[in-house]
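Have a look at the structure below, then the notes.
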Amino acid sequence: MKRTAGLGLAAVLIALWVLLWGDLSVANVVSGAVVVALVVLAIPDVGLGFTRPTIRPLWALRFAARVLIGLGGAVLVVGVEVLAPRPRINTGIVAVPLPHCSDTLLTLVANVLGLAPGTMPIEVTRDPAVIYLHVLHLHDVEAVRADVNRLAELAVRAFGTPEAVAGLS
């Protein structure tokens, strides 16, 4: 099964190669196959053993709702700050450990945090999994950590492995 998915992915990559060249010819198909083979050899972790991501629809909807509500709230807070006659900005950097996040989920959480005005991930470490977050309105470090941990928990429940979800309980 894994080998079949890998061959399917290779075929898609070769088709993209041919589409980029804009000409279906034997030379383009062969050169695409060579490029795909070189990529797999150069980056063995990528491989062609594609595994389907886990998606739990109800948790994914909760995650999306949380992201949209958080974005809306952040836009309002920054908008009020811009219009206020006297700024009350209190910046800071908060380290938020996220032990149950895989590299993929860590990237997802960091990107979502970077979308919201007023927050910006400045560094992400893998081992241990920690996001260092610059916060524009820092009033309570523990509240920021709790908020990011809730977002990460939703991401794990929506897209994490069964082992990661079990580790949350």
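Here Val165 meets the list (1) surrounded by fewer than 15 Cβ atoms within 10 Å (Cβ to Cβ); (2) among the β-branched types (Val, Ile, Thr); (3) under 26 Å from Arg56 (Cα atoms) almost entirely, failing just condition (1).
Scan segment 68-96 residue by residue and report those that are surrounded by fewer than 12 Cβ atoms within 10 Å (Cβ to Cβ) and modelled with pLDDT of 90 or more. Reasoning before the result, please.
Our first condition is that a residue be surrounded by fewer than 12 Cβ atoms within 10 Å (Cβ to Cβ); within segment 68-96, this holds for 68-69, 72, 76, 79-80, 82-91.
Leu68, Ile69, Gly72, Leu76, Thr91, listed by residue number.
The values are calculated or read from the model by the stated rules, or taken from the named source; none is laboratory data. Model, not experiment: these values are computed from the prediction. Cβ sites come from the backbone with ideal geometry, for glycine too, and all protein chains shown count toward neighbours.
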